[in-house]
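Notes follow once the structure below has been shown.
The values are calculated or read from the model by the stated rules, or taken from the named source; none is laboratory data. What you see is a predicted model, and the numbers here were worked out from it, not measured in a lab. With ideal geometry, Cβ positions are generated from the backbone for all residues, glycine too; neighbour counts draw on all protein chains shown. Areas reflect the complete protein model, heavy atoms only, side chains present, ligands, DNA and RNA absent. Shrake-Rupley method; radii C 1.70, N 1.55, O 1.52, S 1.80 Å.
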Amino acid sequence: MDKVLTVLAQTADGVYALDQMQLIVFWNAAAERILGYRAEEVIGRPCHEVFDGEPRPGCLECHSGCPVMEAAQHHEYVPTYNLLSRTKAGETIMLNVSVIVPSENDGSFLTIHLFRDATHQLRYETYVEHLLCAAARLPGPPQTLARGIPETELFYAPLSAREKEVLSLLVQGKAPREIKTSFSRAESGA
């Protein structure tokens, strides 16, 4: 197993290993880069103290009665999951986590967790939520107009190239004022 951990020490993904008590027994350089904790700060600590974050729909919550560890103890399949956590500096970060449960181990650890920064996904989801909330506040079409348009056209009309470009800029974090300014410059040829 030491050979496996030696290889995992070199990966771009953050990697940590847990023992039977859910204590961190391995922490690679990428984990330090992603979360800001040095190995000596986390080795021997319960994982839920390091990865505890905020609850969010679609994200697993890190706590001492972790369902991932329950599954691992029974050598069950553990699907990849998202976890909303915090860096050492206190910044919110979404992690996408894969878990390896070794079929044979020497008892020194139970699971190996590989994680990567998926905060871009969190930002995208947040923008979409904001767009949907804003769209929900918009008034509906006048009744006279709605009667003349088939329902499928109201809800399934494809987006124009311009609309797709605006949505793309919103997802990238551009403010409406920035988008308007960039379109104005493009139209004036500046």
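Key figures
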item: Of all residues in the range 63-83 being touching a Leu at 6+ places or on another chain (Cβ under 8 Å), open to solvent by 20 Å² or more (accessible area, probe 1.4 Å) and at pLDDT below 80, the one that is nearest to Arg116 (Cα to Cα); result: Pro67
item: Qualifying residues in the range 148-172 (those that are over 32 Å from the mean Cα position of the chain (by Cα), open to solvent by less than 90 Å² (accessible area, probe 1.4 Å) and of a type outside the set (Val, Ile, Thr)) - the one modelled with the lowest pLDDT; result: Leu154
item: Qualifying position, being under 21 Å from Cys62 (Cα atoms), open to solvent by 70 Å² or more (accessible area, probe 1.4 Å), modelled with pLDDT of 75 or more and in contact with a Ser or Thr (Cβ under 9 Å, 6 or more places away or on another chain), among Arg116, Arg86; result: Arg86
item: Number of the condition not met by Ile34 [criteria: (1) within 17 Å of the chain's Cα centre (by Cα); (2) at pLDDT 90 or above; (3) surrounded by fewer than 16 Cβ atoms within 10 Å (Cβ to Cβ)]; result: (3)
item: Residues satisfying the stated conditions in the range 38-88, i.e. outside any helix (DSSP H, G or I), in contact (Cβ under 8 Å) with a residue 40 or more places away in the chain and farther than 17 Å from Gln121 by Cβ; result: Ser64, Cys66, Lys88
